[in-house]
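Engineer: Let me begin by handing over the structure; questions about it come next.
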């Protein structure tokens, strides 16, 4: 090495080292989530077509989503897409209010 040149040891980036492990964990979580969805669809005697036809806020879809959130590490966006429940924010809204035991309160401008 020529004098005056800085010698840097080449080390793999930390993310490159973790990437295979993270991918393995993701795939493991994905497999579990897919098995759970298949199990729930079997219990309900639903096909993928029936899942697609049901409303985004269907109570049975919501129950599956709740179980996925409790038993897997899948992100809300994946759960919403897999169960065809709209956006992750809509699913978050449904989960929040179902956890509080009901529907959201009436909006500001509504009259009871």
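Engineer: Just want the ordering: 31, 58, from fewest to most Cβ atoms lying within 10 Å of their own Cβ.
Structural biologist: 31, 58
Engineer: Cut-off is 10 Å between beta-carbons; in what order do 73, 89 appear when sorted fewest neighbours first?
Structural biologist: 89, 73
Engineer: Would you order 96, 90 from fewest to most other beta-carbon atoms within 10 Å of each residue's own beta-carbon?
Structural biologist: Least crowded to most crowded, the residues run 96, 90.
Engineer: For the pair residue 88/residue 42, report the inter-label distance in nm, with labels modelled 7 Å from Cα in the Cβ direction.
Structural biologist: 3.0
Engineer: Using just the C-alpha positions of segment 21-99 as equal point scatterers, what log10 of I(q)/I(0) does the Debye formula give at each q in 0.13 1/Å?
Structural biologist: -0.36
All of the numbers you see were taken from the coordinates with simple rules; none came from a lab. As the structure is a computational prediction, the values presented were derived from the model and not from experiment. Because the Cβ atoms are built from the backbone with ideal geometry, glycine has one as well, and the counts that use them run over all protein chains shown.
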